[in-house]
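The structure appears right after this line, and notes come after that.
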Amino acid sequence: MKKYILFPLIFFSFILLSQDSNKEYSYSELLDLGYDFVYEKGDYQSANHYFTQAIKMNPDIPFAYFGRAIGYRLGLDFEAENTDSVYNCLDLALIDQNKALELLSKKQKELKGSVYSEIGILQLLKDEGDYCASFKKACKYKDANGCDTYESLCKE
């Protein structure tokens with residue numbers, strides 16, 4: 001009896017997944033899916049898939065780079081045997097955050113603070129770079145997390 005129930009569930013799950021992968025999404029839908037997978041589902045690989053699709057669709061907008069970098073950071077497994085993969089993800093996240101920063105306009109101050117805060121976190125995790133300067137810049141742009149981190153780690 002269990003076989004008869006299990007097969008249709010697997011079959012319909014496969015159908016739904018294949019339909020989803022064939023669907024064409026708009027840039028904003030890809031961002032929404034990416035952020036949903038990062039923050040709601042904790043599925044960082046799927047999140048990065050959607051962010052990468054958004055970047056391919058519109059490489060001149062910073063939001064997908066920012067989201068993909070967060071996916072790289074949150075998806076890290078610090079207990080993994082292969083520490084090279086951890087540092088590779090940190091490097092990829094830094095590249096994406098720097099790209100997001102490069103693409104941000106002067107009017108997007110709120111996101112700029114968040115990007116500097118993320119850069120500071122990545123520098124701290126890698127134990128390289130001037131993370132205090134990054135957190136100070138995040139604070140300049142009114143990022144509360146960046147300010148708190150600057151106050152607790154960097155002020156003497």
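The values are calculated or read from the model by the stated rules, or taken from the named source; none is laboratory data. Bear in mind the structure is a predicted one, so any value in this text is a computation, not a measurement. Quick reminder, even Gly has a Cβ in these numbers, built from the backbone with ideal geometry, and neighbours come from all protein chains shown.
The table below lists the values:
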{"read-out": "Subset of segment 121-136 (residues that are touching a residue at least 24 places away in the same chain (Cβ under 8 Å) and out of contact with any Leu (no Cβ under 9 Å at 6 or more places or on another chain))", "value": "I121"}
{"read-out": "Criterion (modelled with pLDDT of 95 or more and more than 26 Å from C154 (Cα to Cα)) met by exactly one of A64, A80, A69, A100", "value": "A64"}
{"read-out": "Test: residue in segment 113-122 that is in contact with a Cys (Cβ under 9 Å, 6 or more places away or on another chain) and among the polar types (S, T, N, Q)", "value": "yes"}
{"read-out": "Flag if I119 is within 23 Å of D36 (Cβ to Cβ), in a helix (DSSP H, G or I) and of a type in the set (V, I, T)", "value": "no"}
{"read-out": "Residue check for F63: among the aromatic types (F, W, Y) and free of Cβ contacts under 8 Å to residues at least 24 places away in the same chain", "value": "no"}
{"read-out": "Residues that are charged (D, E, K, R) and touching a residue at least 40 places away in the same chain (Cβ under 8 Å), drawn from segment 103-120", "value": "E118"}
{"read-out": "Hits in segment 33-72 (condition: surrounded by fewer than 19 Cβ atoms within 10 Å (Cβ to Cβ) and of a type in the set (G, A, S))", "value": "G42, S46"}
{"read-out": "Residue count, segment 125-148 (criterion: aliphatic (A, V, I, L, M) and at pLDDT below 95)", "value": "1"}
{"read-out": "Residues of segment 35-63 satisfying the condition of being touching a helix residue (DSSP H, G or I) at 6+ places or on another chain (Cβ under 8 Å) and closer than 21 Å to S105 by Cβ", "value": "Y35, F51, A54, I55, M57, N58, D60, I61, P62, F63"}
